[in-house]
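Colleague: I'd like to ask some things about the structure below.
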Amino acid sequence: MANLDAPNGATPSYHLMGGTVRYNGKYTIASALAENLFLQDFVVLAATLNNTNIEIAAVAEDLLGTFGGANYVDSNGDVRWVKQWVSGTVTEGSVDAEAHVYTDPHIVYTVQVNGTLSGLEAIGELGEIDVSVAGNAATGISGHQMSATTAVTAAQLRILRGAPQPDGIFVSDLTLANPRVEIQISEHAQIAAVV
């Protein structure tokens, strides 16, 4: 049975240590940030000293976590909560928006792989993120995936095991194209890399 090719970012699934999965509201988005942020996108800290601003992640960067929405006061004075940050959004007084980011390094996420893995041998291997698929502007959901090119050396994500597919069917054959896997961030901005 083939897997559904439908990337939807990194969905927080559970906490590895049994804790509660929750986002951290101590991060921000710069007013008029010229990039889209979709729900469940991988994000990083913006490259500014002592900054709390986030931006979309790229391959090989230390990941902060995943985007869980934002709230801000818009230019009309209305309070807004959004699951998607639309590029160029301007806030009232150009005040930074509050970003909700899942930052706990012990969160386990479910993510789709952008190709075929080597099978059960892939469990425990590491891979980079794939941000080449744009998010869905209608639903606000991410298009981020995990690269099928894995290794045992340093990379952003670690595969823990296979995961249920969107139709609810658990596919344990990781040699099928586009499997969903449970992963942990192995190159995390808040802790030393897990190799």
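The values are calculated or read from the model by the stated rules, or taken from the named source; none is laboratory data. Just so it is clear, the structure is predicted and the values come from calculations on it, not from any experiment. So basically every Cβ, Gly included, is an ideal-geometry build from the backbone, and we count neighbours across all protein chains shown.
Colleague: Select the strands (runs of 3 or more DSSP E) contained entirely in the stretch 1-91, then report the ones holding at least 3 residues which are under 24 Å from GLU128 (Cα atoms), small (Gly, Ala, Ser) and without any contact (Cβ under 8 Å) to a residue 24 or more places away in the chain.
Modeller: Qualifying strands (runs of 3 or more DSSP E): none found.
Colleague: Please work out if THR116 is modelled with pLDDT under 95, farther than 20 Å from GLN184 by Cβ and hydroxyl-bearing (Ser, Thr, Tyr).
Modeller: Taking the combined requirement at face value, the residue satisfies it.
Colleague: Please specify each residue of the stretch 73-87 satisfying the condition of being of a type outside the set (Asp, Glu), more than 21 Å from the chain's Cα centre (by Cα) and surrounded by 11 or more Cβ atoms within 10 Å (Cβ to Cβ). Let's see the steps before the verdict.
Modeller: Step one: of the stretch 73-87, the residues of a type outside the set (Asp, Glu) are 73, 75-77, 79-87.
Remaining after also requiring more than 21 Å from the chain's Cα centre (by Cα): 73, 75-77, 79-80.
Answer for the stretch 73-87, where residues must be of a type outside the set (Asp, Glu), more than 21 Å from the chain's Cα centre (by Cα) and surrounded by 11 or more Cβ atoms within 10 Å (Cβ to Cβ): VAL73, SER75, ARG80.
Here is a yes/no grid of residues against (1) surrounded by fewer than 20 Cβ atoms within 10 Å (Cβ to Cβ); (2) over 16 Å from LEU174 (Cβ atoms):
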position	(1), (2)
ASP104	no, yes
THR110	no, no
LEU117	no, no
LEU120	yes, no
ILE123	yes, no
GLY127	no, no
ALA134	yes, yes
THR139	yes, yes
MET146	no, no
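Colleague: Of all residues in the stretch 140-154 being touching a residue at least 60 places away in the same chain (Cβ under 8 Å) and not in a strand (DSSP E or B), which is farthest from GLY124 (Cα to Cα)?
Modeller: Among those residues, the one meeting the criterion is GLY140.
Colleague: Scan the stretch 20-50 for residues that are loosely packed, with under 14 Cβ neighbours inside 10 Å and either in the same structural domain as VAL111 (by TED's automatic domain parsing) or polar (S, T, N, Q) (or both) and jot them down.
Modeller: THR20, THR48, ASN50
Colleague: Let me ask another. What do you reckon, is VAL43 modelled with pLDDT of 95 or more and either among the polar types (S, T, N, Q) or out of contact with any Phe, Trp or Tyr (no Cβ under 8 Å at 6 or more places or on another chain) (or both)? Write out each step before concluding.
Modeller: Values: modelled with pLDDT of 95 or more: yes; either among the polar types (S, T, N, Q) or out of contact with any Phe, Trp or Tyr (no Cβ under 8 Å at 6 or more places or on another chain) (or both): no.
Here the answer is no, as VAL43 does not meet what is asked.
Colleague: Pairs under 6 Å by beta carbon, first residue more than 15 Å from PRO7 (Cα to Cα) in the stretch 155-174, partner among the charged types (D, E, K, R) and modelled with pLDDT of 80 or more, six or more apart or different chains?
Modeller: ALA155/GLU128; GLN156/GLU128; GLN156/GLU187; ILE159/GLU125; LEU160/GLU182; ARG161/GLU182
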